[in-house]
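The values are calculated or read from the model by the stated rules, or taken from the named source; none is laboratory data. Nothing here was measured: the structure is a model prediction, and the numbers come from that model. For neighbour counting, all protein chains shown are included, and Cβ atoms are generated from backbone atoms with ideal geometry for every residue, glycine included.
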Amino acid sequence: MPTRASNRTITEKDVDSVLHPYTNLKRHPEVGPLVITRGKGVRVYDEAGKDYIEGLAGLWCTSLGWGEERLVEAAARQMRTLPFYHLFSHKTHDVGVELCARLLEMAPVPMSKVFLAGSGSEANDTAIKLIHYRSNALGLPHKKKIIAREKAYHGVTVATASLTGLVNNQRSFDLPIPGVLRAGCPHHYRFARQGESEEDFSSRLAAELEALILAEGPDTVAAFFAEPVMGAGGVIVPPAGYFPKIQAVLDRYDILLVVDEVICGFGRTGKMFGTETFGIRPDMMTLAKGLSSGYAPISALMVNERVYGPVAEESGRIGVFGHGYTYGGHPVSAAVALETLNIYAERDILAHIAKVGPVLQEGLGSFRDHPLVGEARGIGLIGALELVADKTSRAPFPPERTMGAKVVARAQDKGVILRAMGDAIAFAPPLIITEAEIGDMLRRFKAALDEAH
Ligand code: PLP
């Protein structure tokens, strides 16, 4: 039965029907949507056939780019064999098991077990619940506070948005929930004192963390969450010595370290995990995005024995570990993830990143002389340019005159899709990007930046 809706364009239907995430809802009808219809390699195409280089791999996830037939085949095969099953109540399925076993083999530090979920937020939310469960198991009901950092991004559920340290994720949502403590952001360019070296800045942040723990009472603090490179906070690469110094403080007070590898995992920083790039020893690690190259929703939480042991004991005592998502470890997503990991290994994605990562970093570095660019930073295939109102004083643009959104809008016109985090423009292209495509992306971007100036 034809309805009125069938005559309307996708744009009209979008404006009438979609509540868009991360969008100014009131302005959306006036701005209008960009309708993406297909993708191939590092490029996506809109309704009119115009091509865009996806400079952020979608949402930092499409590591193998668009049009990877092997992932399509893996999904189709699994759909035909076992499109749904779960891991609840002693049930299992082969692809879920194989994926957990593979992740344990790949883990950069000894890990005990893997919990599968559907998104980065769910994996981090599960980590928070395990922290609480474990403290109860250990008879430490007061050891529940969790420390996260300014500008952190750990997701958008009630609990993970409370750990996220960005204003838009909390303002008007009545967040954060109680029990979240805030540590400083390790951004040397913005927060170091005049003349403070990276090592000294790291030492100061570690000392401030220790002071926070002592002020709260070490027996009330359970865990510290960190992304190796902070992503949505503006691509912040930790200063020299940061993680070893932070880790030493956490060890002193028996505080768990949860490393959120949702963006950094699977090659983004040059090694398989950010944990390896920065010499971190996590008790828990969360993975998503690159795990399936974004082709199917899936995430994983890995826990070591220090976490798993007490949790298993507690579940034995009270009867069941009462947590799990219907789609956690979905077989189609698990099959796609396994095939993604096969492709990373067969094509030696790390060797490719070692070749093209420096091209991206040098390319971003070449913008340092641009009048709008205060800092170019990054590692591997992730980076950012921070735009400033005044290069000498490092003064940011005032909030009512932010430059990031303007530059990103112009870049879109020029055929490159990027994201602005305030005035930091993030770059995290598909890991398969070539030298020539990096050149093309940065040329398109430069034209936009020059125009915005
Ligand atoms: N953690 C990090 C570091 C992320 O960047 C994100 C998403 O961008 C998340 C967690 C949340 O993942 P999701 O959007 O899949 O819930």
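Assorted remarks:
- Tabulated pairs, region 425-444, first closer than 16 Å to Thr269 by Cα, second polar (S, T, N, Q) and surrounded by 24 or more Cβ atoms within 10 Å (Cβ to Cβ), C-beta under 7 angstrom, 6+ apart or interchain: Pro430/Thr62; Pro430/Ser63; Leu431/Ser63
- Note on region 153-174: residues that are small (Gly, Ala, Ser), within 20 Å of Pro228 (Cα to Cα) and in a loop (DSSP other than H, G, I, E, B) amount to 2.
- Residue in region 393-416 that is assigned to a helix (DSSP H, G or I), of a type in the set (Gly, Ala, Ser) and touching a Phe, Trp or Tyr at 6+ places or on another chain (Cβ under 9 Å) present: yes
- Just one of the listed residues (Phe397, Phe445) is aromatic (Phe, Trp, Tyr) and more than 25 Å from the chain's Cα centre (by Cα), and it is Phe397.
- Residues satisfying the stated conditions in region 129-152, i.e. under 17 Å from the mean Cα position of the chain (by Cα) and either assigned to a helix (DSSP H, G or I) or small (Gly, Ala, Ser) (or both): Ala148, Ala152
- Evaluation of Thr220 against (1) more than 24 Å from Tyr325 (Cβ to Cβ); (2) within 16 Å of the ligand (Cβ to nearest atom); (3) surrounded by 14 or more Cβ atoms within 10 Å (Cβ to Cβ) (one fails), failing number: (2)
- Put simply, of Lys129, Lys151 the only residue that is among the charged types (D, E, K, R), assigned by TED's automatic domain parsing to the domain that holds Thr326, within 25 Å of Leu387 (Cα to Cα) and within 16 Å of the ligand (Cβ to nearest atom) is Lys151.
- Screening Arg281 against (1) within 23 Å of Ile382 (Cα to Cα); (2) buried (at least 19 other Cβ atoms within 10 Å of the Cβ) leaves a single unmet condition, (2).
- Cβ-Cβ under 8 Å pairs, at least 6 apart or on other chains, region 215-244 side closer than 12 Å to Leu181 by Cβ, far side within 16 Å of the ligand (Cβ to nearest atom) and charged (D, E, K, R): Phe225/Arg149; Phe225/Asp260
Rundown of residues vs (1) part of a helix (DSSP H, G or I); (2) more than 16 Å from the ligand (Cβ to nearest atom), yes/no style:
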{"position": "Pro176", "(1), (2)": "no, no"}
{"position": "Pro186", "(1), (2)": "no, no"}
{"position": "Glu199", "(1), (2)": "yes, yes"}
{"position": "Leu212", "(1), (2)": "yes, yes"}
{"position": "Phe243", "(1), (2)": "yes, no"}
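- In region 269-292, the qualifying residues are those that are part of a strand (DSSP E or B) and under 11 Å from the mean Cα position of the chain (by Cα), and the one that is nearest to the ligand (Cβ to nearest atom) is Thr286.
- Residue selected from region 18-55 under the condition hydrophobic (A, V, I, L, M, F, W, C) and closer than 14 Å to Glu437 by Cβ, by the criterion surrounded by the fewest Cβ atoms within 10 Å (Cβ to Cβ): Val44
- Residues considered: Leu338, Leu372, Leu364. Of these, the only one that is assigned by TED's automatic domain parsing to the domain that holds Ile433 and farther than 24 Å from Ala240 by Cα is Leu372.
- Selection of region 255-268 for residues being away from the ligand (no atom under 12 Å from the Cβ) and in contact with a strand residue (DSSP E or B) (Cβ under 9 Å, 6 or more places away or on another chain) yields Ile255, Leu256, Leu257, Phe266.
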